[in-house]
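Working notes for the structure below.
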Amino acid sequence: MKHIILTIFFGTILAAQGQNNDITYHQAPNTTKSTPKKAEKKNFLEHISIGGTGGLQVGTATYIELSPNVSYHFNKFFSAGVGGSYYFFHDSRNKYSSHVFGPRVFAEAHFFNYLGLHASYQAINYESLTPTIANPRIWSHHITAGGGYYQRAGRVALYFYVLYNWSDRPLSETIYRSPIVLKTGFSVFLK
């Protein structure tokens, strides 16, 4: 009798489970669905930062520097960008003024939320220190590489790099008087 009651009990449970008509339908993903234009633009702007460096010294010797840049951050570790530099020098004692300018491209890698590596190529146009009548201005080409401190906090990043400068001209003929270049600046992310 005990076996009959257990058989009826388990048979009822199995029969009740067999009557479950819940059907789960699965839908294939829609590959033709496109992301709205606003969302695409927002995602693109999250990868863009603008910034650069600047400097100002006023007095007997005046120095002005403007070096803006735009970067695209592929992810939180790597970025690349373009920029330009403009320098103005004026020495009132020697009645000398000079305009220096040029474009640059660069790449950066960021590690551990505070370390950065930087490499760049820059072409600089300036008055030759030994000018000729045919060519009073010259171009020099510089590759700089090094590393230092990089810190991002929210939408703002600050950096300080120590870079080594390789030039196609002797140091006595370039605007850089040392192979070591100190670079400090900031970046602001658009989103």
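The table below lists the values:
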quantity: Meets criteria (surrounded by 10 or more Cβ atoms within 10 Å (Cβ to Cβ), touching an Asp or Glu at 6+ places or on another chain (Cβ under 9 Å), of a type in the set (Ser, Thr, Tyr) and modelled with pLDDT under 95) for THR12; calculated: no
quantity: Given (1) surrounded by 14 or more Cβ atoms within 10 Å (Cβ to Cβ); (2) touching a Gly at 6+ places or on another chain (Cβ under 8 Å), index of the condition LEU115 fails; calculated: (1)
quantity: Check on ILE175, of a type in the set (A, V, I, L, M, F, W, C), surrounded by 13 or more Cβ atoms within 10 Å (Cβ to Cβ), in contact (Cβ under 8 Å) with a residue 40 or more places away in the chain and outside any strand (DSSP E or B); calculated: yes
quantity: Segment 118-138: number of residues that are surrounded by 13 or more Cβ atoms within 10 Å (Cβ to Cβ), farther than 17 Å from SER79 by Cα and of a type in the set (A, V, I, L, M, F, W, C); calculated: 3
quantity: Only listed residue being within 15 Å of TYR87 (Cβ to Cβ) and outside any loop (DSSP other than H, G, I, E, B), chosen from TRP166, TRP139; calculated: TRP139
quantity: Counted residues, segment 52-82 - those being under 12 Å from the mean Cα position of the chain (by Cα) and on the phi < 0 side of the Ramachandran plot; calculated: 14
quantity: Count - residues of segment 71-101 that are in a loop (DSSP other than H, G, I, E, B) and either touching a Ser or Thr at 6+ places or on another chain (Cβ under 8 Å) or touching a residue at least 12 places away in the same chain (Cβ under 8 Å) (or both); calculated: 5
quantity: Unique residue being touching a Leu at 6+ places or on another chain (Cβ under 6 Å) and either in a strand (DSSP E or B) or over 20 Å from SER49 (Cα atoms) (or both) when the list is GLY116, GLY147, GLY185; calculated: GLY147
quantity: Among the residues listed as ALA107, ALA119, ALA123, the single one being among the hydrophobic types (A, V, I, L, M, F, W, C), without any contact (Cβ under 8 Å) to a residue 24 or more places away in the chain and within 22 Å of HIS142 (Cα to Cα); calculated: ALA123
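The values are calculated or read from the model by the stated rules, or taken from the named source; none is laboratory data. Bear in mind that the values here come from a model prediction, so they are computed numbers and not experimental data. Every residue, glycine among them, receives a Cβ derived from its backbone with ideal geometry; neighbour counts consider all protein chains shown.
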